[in-house]
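**Student:** This structure is in structure tokens; I'll ask about it shortly.
The values are calculated or read from the model by the stated rules, or taken from the named source; none is laboratory data. Note that this is a predicted model, so its numbers are computed, not measured. Neighbour counts run over all protein chains shown; Cβ positions are idealised from the backbone, glycine included. The accessibility values were calculated without ligands, DNA or RNA, using every heavy atom of the protein model including side chains. Shrake-Rupley method; radii C 1.70, N 1.55, O 1.52, S 1.80 Å.
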Amino acid sequence: ADAGLLFGYHNHTGEFKKIGDHLIYDFMLGTVDRNKVIFELDVYWCQMGGFDPVEYLRKFPDQIRLTHIKDAKEIGASGTMDFKAIFRQMTANALEDWYVEIEEYTHGDPVRSARESYDYLDAAKYVN
């Protein structure tokens, strides 16, 4: 903190389980020092954990300062992620930093998967 650095936290599905009456991710968001810890919401793992990433972006706009854009494989390939709603909420939150990860490659070719993901996002009018 003295050097002006923030601690960043990236979720997976485990944070969307409960310990007692507390959802782990909500407990973390509600108890850390907002001036020292920021969160990078992995939208895919949030959804796979049973929760809506848009609701988390809406509920914690000051703490979720980065997003990790991910799908089961190439971005947009599964058809299960509502990237339009996610990017619209990111824009509403004035989030400027987001990262893309391709978890698995449909064709076994990372370059092809990166190209398909890029083309999907490039064609999406809602992506700034």
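**Student:** Skipping prolines and chain starts, which residues have an amide H placed within reach, meaning under 5 Å, of the one on Val37, given they are 5 or more residues away or on another chain?
**Tutor:** Amide H neighbours of Val37, under 5 Å, 5+ apart: Phe7.
**Student:** In the chain, with Lys and Arg counted as +1 and Asp and Glu as -1 at Cβ, which of these residues, Ile24, Thr13, Thr91, has the Cα nearest the positive end of the dipole, that is, farthest along it?
**Tutor:** It is Thr91, whose Cα lies furthest towards the positive end.
**Student:** Per 10 Å bin, what percent of the C-alpha pairs of the chain does each bin hold, from zero upward?
**Tutor:** Result, from short to long distances: 12, 42, 32, 13, 1 percent.
**Student:** Can you work out the Karplus-derived ³J(HN,Hα) for every residue in the stretch 48-55? Use 6.51 cos²θ - 1.76 cosθ + 1.60 with θ = phi - 60°, whole Hz, and x for glycine or proline.
**Tutor:** 5, x, x, 10, 8, x, 5, 4
**Student:** Follow-up question, since we're still on this one. Please report the carbon-and-sulfur percent of the accessible area for the chain; probe 1.4 Å, protein heavy atoms only, DNA, RNA and ligands left out.
**Tutor:** The nonpolar share, carbon plus sulfur, comes to 51 percent.
**Student:** Next up: Lys pairs in the chain, Cα-Cα under 25 Å, at least 8 apart or on separate chains: how many?
**Tutor:** 16
**Student:** Whole-Hz ³J(HN,Hα) for each residue in the stretch 73-85, computed from phi via Karplus 6.51 cos²θ - 1.76 cosθ + 1.60 with θ = phi - 60°, x for glycine and proline: what do you get?
**Tutor:** Karplus values, whole Hz, x for Gly and Pro: 9, 5, 4, x, 6, 6, x, 9, 9, 8, 5, 4, 5.
**Student:** Let me ask something additional. Kirkwood hydrodynamic radius for the stretch 56-128: how many Å is it when counted over pairs of different Cα atoms?
**Tutor:** Its Kirkwood hydrodynamic radius stands at 12.8 Å.
**Student:** Among DSSP bridges having both ends in the chain, what percentage is antiparallel? Round to the nearest 5.
**Tutor:** Expressed as a percentage, antiparallel bridges in the chain total about 15.
**Student:** Residues with amide H under 5 Å of Asp42's amide H, sequence separation 5 or more or different chain, H placed in the peptide plane at 1.01 Å from N; which?
**Tutor:** Answer set, sorted by chain and number: Asn11, His68.
**Student:** Roughly how many Å² is the accessible area per residue of the stretch 80-128, as a whole number, for a 1.4 Å probe?
**Tutor:** Result: 68 Å² per residue.
**Student:** Normalised by the number of residues in the chain, what is the relative contact order in percent for Cα pairs under 8 Å and 6+ residues apart?
**Tutor:** 21 percent
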